[in-house]
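Notes follow the structure.
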Amino acid sequence: MSRDESTRLEAAIGEWHAAVNDGDLSRSASAVGDPIVVLGPKGAGPITPAQFSEWVERSGIRLVPRSWHPISDSLMVVEEDASWPNSPAASPTDRAQRVATVFRVGGGKVTAALRLPDLRAALDLAYVCSEMAATE
């Protein structure tokens, strides 16, 4: 992967994180493709940008990137500290849970955000996705 491709991926994913963490609904909708494919504890599948921004508002999630793992020119795994406003804990740092997300970027927007419970699982899924794309 070239430095330009990596920079393009990081910019789109960085915008996604900024929009989600700010709780900015219109910016969240603008940061994603139509549809965006999602995976999380409550299910998987394609949703519209409006549905994505509704999830941002409803969940109140904050995802702080900790490490970046480029996979291909369109895939990146980001390890994150996730927290939610209703998580029971004494302090915000106690509420954080380490997760990892497989991001796919196309046209400067995030077109898939597949959140998994840990980095190993995300890297394994990203590898499978990359191999499937390479054999189409």
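The values are calculated or read from the model by the stated rules, or taken from the named source; none is laboratory data. Computed from a predicted model, the values in this text were never measured in an experiment. Ideal geometry is used to build each Cβ from the backbone, glycine not excepted, and the neighbour counts take in all protein chains shown.
Assorted remarks:
- Residue in the range 20-34 that is at negative phi, of a type in the set (S, T, N, Q) and in contact with a helix residue (DSSP H, G or I) (Cβ under 6 Å, 6 or more places away or on another chain) present: yes
- Count of the range 73-89 residues which are at pLDDT below 95 and either surrounded by fewer than 18 Cβ atoms within 10 Å (Cβ to Cβ) or in contact with a Ser or Thr (Cβ under 6 Å, 6 or more places away or on another chain) (or both): 7
- When residues of the range 3-54 are limited to those that are of a type in the set (Asp, Glu) and outside any helix (DSSP H, G or I), the one nearest to Ser74 (Cα to Cα): Asp34
- A single entry from Ile36, Ile61 fulfils the requirement of being modelled with pLDDT under 95 and within 14 Å of the chain's Cα centre (by Cα): Ile61.
- Odd one out for Arg95 among (1) of a type in the set (D, E, K, R); (2) closer than 28 Å to Ser53 by Cβ; (3) modelled with pLDDT of 95 or more: (3)
- Qualifying residue in the range 31-51 (condition: among the hydrophobic types (A, V, I, L, M, F, W, C), in contact with an Asp or Glu (Cβ under 7 Å, 6 or more places away or on another chain) and either surrounded by 13 or more Cβ atoms within 10 Å (Cβ to Cβ) or without any contact (Cβ under 8 Å) to a residue 12 or more places away in the chain (or both)): yes
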